[in-house]
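Some notes on the structure that comes next.
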Amino acid sequence: MTKVLNVDALPEPSVLKRAKRRRPGLLVANAIALVLAAMAVTTIFTNPRFEWETVGKYFFEIRVMKGIGVSIGMTAVTMVLSLVCGTVVALMRMGDSRLMSTVAAAFIWVFRSIPMLVQLLFWYNLAALFPTLSLGIPWGPRFVTFDSNSVIGPLTAAIIGLTLHETAYIAELIRSGLLAVPDGQRQAASALGLTPAQIFFRITLPQALRVIVPPMGNELISLLKATSLVSVITLADLLYSVQLIYAKNFQTVPLLIVAAIWYMIITGAITLLQQRLERRLGRHTLISADKAGRVKRIEHSV
């Protein structure tokens with residue numbers, strides 16, 4: 001015998017409640033996380049050996065602030081140079097010329113293989129290999145000659161080493177972003193009569209940036225932290241500045257905490273800028289017309 005379902009007897013959809021699935025494992029994990037977090041906070045703020053008064057005393061110390069300026073400046077200059085050089089290397093790597101592609105691949109292989117610290121020490125001690133640097137005609141006369149020690153100081157060596165190291169990684173990031181754009185779009189744009197430059201800047205690059213920006217933000221943060229390595233060549237960045245201070249007052253842990261907090265603050269600012277840029281690039285523009293025929297530009301989030 002077939003039963004007839006009375007639809008009128010069913011409750012309204014607004015009355016229905018979704019039954020929550022019980023997850024005892026998740027509750028236990030949350031409880032453990034809360035306990036561990038409480039233990040960490042209690043230990044940090046109750047242990048007198050952290051010496052938070054000393055941390056507050058040196059947090060805005062003039063040498064620390066100058067070191068922050070050096071670290072941020074090196075990061076900004078290196079990132080700009082690496083973006084320019086990395087774009088050139090990526091385009092060479094993707095080009096039709098086998099020679100240029102091989103040269104770009106060799107460049108990436110060499111500077112991704114050598115650790116950054118080794119590169120910094122090498123460029124800082126370049127004068128031992130080349131006492132003088134000159135400009136002139138290859139295998140011909142020299143027009144200008146410089147002393148290597150006067151040209152390549154700690155700051156110059158740091159920027160050269162960081163830039164070459166980052167260029168190799170950024171070139172691969174840019175290449176991966178360009179390869180993510182379907183080749184059919186470039187062919188369609190070429191069929192419409194767009195020049196190669198217009199195709200790159202209007203079609204390929206805007207779409208590639210959506211792929212490039214997230215890992216590029218991580219690379220920028222890694223570069224900021226890598227600037228701490230320049231302390232080995234006596235460049236007064238943030239880490240070297242606090243090292244100079246605690247070498248005199250022997251407050252090692254509080255001064256390292258000062259450096260760690262400042263690195264966290266700068267990294268947080270970079271992360272916020274990255275998120276805003278990702279949201280900006282996550283929008284695409286549609287063009288529509290109203291009844292009067294006027295063109296409108298409408299932004300939609302992806």
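The values are calculated or read from the model by the stated rules, or taken from the named source; none is laboratory data. Please read these numbers as outputs of a predicted model, since none were measured by experiment. Positions of Cβ are backbone-derived with ideal geometry, glycine not excepted, and every protein chain shown enters the neighbour counts. The area values use the complete protein model at the heavy-atom level, side chains included, leaving out ligands, DNA and RNA. Shrake-Rupley method; radii C 1.70, N 1.55, O 1.52, S 1.80 Å.
A few comments on the model shown:
- Unit charges on C-beta of K, R, D, E only; dipole of the chain, Debye: 1160
- Two-decimal Rg to Rh for the stretch 128-284 - Kirkwood Rh, Cα set: 1.13
- Listed peptides 162-174, 254-266 appear in the order 162-174, 254-266 once ranked by packing, highest mean of other Cβ atoms within 10 Å at the front.
- Dipole of the stretch 39-100, positive end: most advanced residue of Ile72, Val55, Thr87 [Cβ charges, Cα centre]: Thr87
- Average Cα contact separation per residue, the chain, under 8 Å, 6 or more apart, as relative contact order %: 21
- With semi-axes defined as the square roots of five times the eigenvalues of the C-alpha gyration tensor, the equivalent ellipsoid of the chain measures 47, 38, 18 Å, largest first.
- When you count the other C-beta atoms within 10 angstrom of each residue and take the mean per peptide, 98-108, 133-143, 82-92 line up highest first as 82-92, 98-108, 133-143.
- Which of Ala260, Thr204, Gln185, positive extreme of dipole for the chain (C-beta unit charges): Gln185
- For Trp52, solvent-accessible area (1.4 Å; no DNA, RNA or ligand), Å²: 90
- Accessible carbon and sulfur surface of the stretch 66-191 relative to its total accessible area, %, 1.4 Å: 70
- Lys/Arg +1, Asp/Glu -1 at C-beta; the chain dipole; positive extreme among Pro24, Asn218, Ala105: Pro24
- A 1.4 Å probe run over the chain, with the rest of the protein chains in place, finds 67 Å² accessible per residue.
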